[in-house]
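Worksheet: one structure, shown below.
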Amino acid sequence: MSEDKIVIEEGRVLPAIALRGLTVFPNMMVHFDVAREISMKALEYAMDQGEEIFLITQKQLGVEQPGRDDLWDMGTVCSVRQLLRLPDNNVRVMMEGHYRARLLELNQTRPYLTATVRTVDQISVNGADSPRAEAVIRQTYDLFGRYGEMSDRFSPELILHVFTNRDAGYIADYIAQNIPIRTEDKQTVLEELHPVRRLEKMNRILARELQVLTMAQDLDGKIRDHMNQAQREYYLREQMKVIQSELGEGGDDEIEEYRQKIQKAKLPSEVQEKLEKELRRLEKQPFGSAEAAVSRNYLDVCLELPWTKKTKERLNVEAARKILDADHYGLTKVKERILEFLAVKQLAPQLRGQILCLYGPPGVGKTSIAASIARATNRKMARVSLGGIHDEAEIRGHRKTYIGAMPGRIITAISRAGTANPLILLDEIDKLGADQRSDPASALLEVLDSEQNSTFRDHFLELPFDLSDVMFITTANDLSTVPRPLLDRMEVIELSSYTDEEKVQIAKRHLLPRQLKRHGLKASQLRISDSVLREIINGYTRESGVRLLERQLGKLCRKAAMTLVSDEEVKRVTVTVDALEDLLGVRRYHPEKLSRTALVGVVNGLAWTQVGGELLEVEVNVMPGSGKIEPTGNLGKVMEESCHAAVSYIRAHAQQLGVDPEFYKNRDIHIHFPEAATPKDGPSAGIAITTAIVSALTGAKVRCGIAMTGEVTLRGRVLAIGGLKEKTMAAFRNGIHTVIIPAENEPDLKEIDQTVRAGLRFVPVEQADQVLAEALDYSESEIKPQWGADMAGMGTALPQGSALRQ
């Protein structure tokens, strides 16, 4: 085959249009829209002058004002066949390509492009019907036929037009003009002047396009296998993801973002391996699938956890002491124990596993103590409320595959704190529930066990999380409901009820300043004396803590604010005792009215309640009857048993006590506890019940100003009781001067408030007859006990205020 014979003309200047994403070939009819002003002016000039126009393709679509370097070298000289103006000021034009031309120079860019071009095109090629040309044309028929079968974009007429043509150059131009291939490929075909070589290049492009179409169909099949009807709207996104997977590319931005977070988090090796495995699983999931949502949620939760982030712990005992003293008044034993804990940590930082349980009635400052400890040790604090939890999953979390799964409360608290060594307050641990399916207290056993919690596994995480650096503090109101194995893991620190004097100091130092600030008042604008505070405590609150007291102080602040705002002449409000009824209403609680005369069958007992100590009267009436015992007053089972135990003791010692030995046959005994609406239970009223029954049976009066507490056995032994601090406070508040207590409780007197110890006379006893000798006055009774009047000395009284000196 001979070389091309090419006619080369001298350059000529023509108006030009730079095409974006379009290439025009000779002998082809094309139509396209024109929007750029310079292109429309070029069209107008060509139409007006009847000249041909040069169409050349831009290299980059985004260039608005193309220069010479932005254009390819080869274009097509065309003539305008039809021009249609559109409503949006654009123009739709039909062009017919005539011959190839090479761009020599871009002459002007305004008001339209003009170019100097030179025609370059073959006029004849020898050997066009050679065997090689025939082979190339046949190859083209085969490739284009298969391309037409795989593509649904061509009409049969287009394929037929190719098959009926024998001109190699025209076939190449026609196919390149009508199939969607890259602009660079079309330009390659346009710039090739040899017709057979041009068709060979077209065949290579067709072969590559066939491979792309085959792969696209394979990918399309894979995607359709993974998609159901509800996911059809995600088809394009899935196609892109599968293509990226087939090409071995890195995936989308979300996957890369997760990967970078995992690398930057400095995670333990086991955790990092688990998260990377989960990330690989996420990469393979279809977009929008339920499994992908589970994986994203899991990765988000794990990456938010502070696996290695810790705050620097402060173990300065003196600094901690200042913080505790500033935040809380009193609570000496509690503060000492906490400071001891910090001192040990300072000497042995590696020591772990000391878990504190703050036990006491509501409102005594358990939660605020925990907050002070967190501040003193420079730890973040997170509170977990355990009240009413019945499900173990609340502690350990749910499996991540469940709908709405989330970590347990322990892991959630650590995530909320943002450090791996926070102080976690497990509030109301005694309110944990349980059912037949699960027991959350059992799940807490691992959390609060220093030997196990270094590898605590939450069901959601499925990874070990080290809880050994976490400081756990629990709170409880009633230890009897805390499971024994759980209680064994904690060191219990009791916060007893505040005394009246402690409440006064707390109100002055903490409650009143806080309420003044909250209500926008200055200290000089509201004056409340100590006597007023004591009246509020005794007459308007009955609690172990100070919550109700703070509410009453808040009420006074509101009244003061109203007065100051209403009358501008008032600069300061002073609250007096007489004004309390006008400000707070009628006094709610009144002191017990103690009898000033000795009575038969009436004894003052002492009781412990959640709000402190109370004076509990025991009344006994003896009537002719058949020996029936009738305890009343909303009593619990233990208290009823104490009544029967007292009667049995008296029957066994009737002769010694001067009681009719047949009283259990011919007397009915009614034992009553006033305030019957209030439930009562416990064994500590045993000696009071015994004393009241003996008094009623013998007619001996009970001495005035005496109160007592203690459990009595069938043999008459007096056993130790609890709540002595609160009970003695109640006796002191109600004007009692002598308190009979079990001898075993004598060491507990050291913990009683100094004012109370100085104001009461304590009589420790071991036997019930000592109680009777101290409490009963037989001087006016016709019946005398066998021991006579000297027996009063058996219960040796401590000198008044002596407990203060011990």
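The values are calculated or read from the model by the stated rules, or taken from the named source; none is laboratory data. Not measured: the values here are computed from a predicted model. Heads up, the Cβs are rebuilt from the backbone with ideal geometry, glycines too, and the neighbour counts pull from every protein chain shown. Accessible surface is based on the protein model in full, side chains and every heavy atom, while ligands, DNA and RNA are left aside. Shrake-Rupley method; radii C 1.70, N 1.55, O 1.52, S 1.80 Å.
Excluding residues on the same chain fewer than 8 positions from residue 431, give the aspartates and glutamates whose Cα lies under 12 Å from its Cα. Filter leaves 478.
Residues whose amide H falls under 5 Å from that of residue 600, counting only those 5 or more places apart or on a different chain, are 702, with hydrogens built in the peptide plane. With Cα atoms defining each centre, segment 644-698 and segment 431-474 are spaced 50 Å apart in the structure. Post the alpha-carbon centroid distance, segment 26-78 to segment 530-588, in whole angstrom. Computed from Cα coordinates, the inter-centre distance equals 92 Å. Taking every DSSP helix (H) stretch of at least 4 residues in the chain, weighting each as -39,500 (n - 2.57) and dividing the sum by the residue count yields a mean residue ellipticity at 222 nm of -12500 deg cm²/dmol. Straight Cα distances below 17 angstrom link residue 522 to the lysines 508, 555, 559, 571, with same-chain residues fewer than 8 positions distant left out.
Computed over protein heavy atoms with a 1.4 Å probe, the accessible surface of the chain works out to 50 Å² per residue. Dipole size of the chain about its Cα centre, with +1 on Lys/Arg Cβ and -1 on Asp/Glu Cβ: approximately 2120 debye, rounded to the nearest 20.
Taking the empirical scaling 2.2 N^0.38 Å for compact globular proteins as reference, segment 479-586 has a Cα radius of gyration ratio of 1.37. Checked against a 24 Å cut-off, the cross-linked pairs 366/725; 312/335; 503/637 give Cα-Cα distances beyond that limit for 503/637. The phi-based Karplus calculation (6.51 cos²θ - 1.76 cosθ + 1.60; θ = phi - 60°) puts the 3J(HN,Hα) values of segment 263-269 at 5, 7, 6, 6, 7, x, 4 Hz, whole numbers, x for Gly and Pro. For segment 405-519, dividing the convex hull volume of the Cα atoms by the residue count gives 175 Å³ per residue. Note on residue 380: aspartates and glutamates with a C-alpha under 14 Å away, same-chain residues under 8 apart excluded, are 313, 469.
Nonpolar atom fraction for the chain, defined as the carbon and sulfur part of the 1.4 Å probe accessible area, stands at 48 percent. In order along segment 292-309, the phi-based Karplus estimate (6.51 cos²θ - 1.76 cosθ + 1.60, θ = phi - 60°) of 3J(HN,Hα) comes to 5, 5, 4, 5, 4, 4, 5, 5, 4, 5, 5, 6, 7, 6, x, 4, 10, 7 Hz; Gly and Pro are listed as x. Relative to its Kirkwood radius, the Cα radius of gyration of segment 555-701 gives an Rg/Rh of 1.27. Working note: Cα gyration tensor of the chain, eigenvalues times five, square-rooted, sorted largest first, giving semi-axes of 104, 31, 23 Å.
Could you point to the residue in 408, 355, 654 farthest towards the positive end of the chain's charge dipole, with +1 and -1 charges on the Cβ of Lys/Arg and Asp/Glu respectively? The Cα lying farthest towards the positive end belongs to 654.
Annotation: the antiparallel percentage among DSSP beta bridges lying fully within the chain is about 60.
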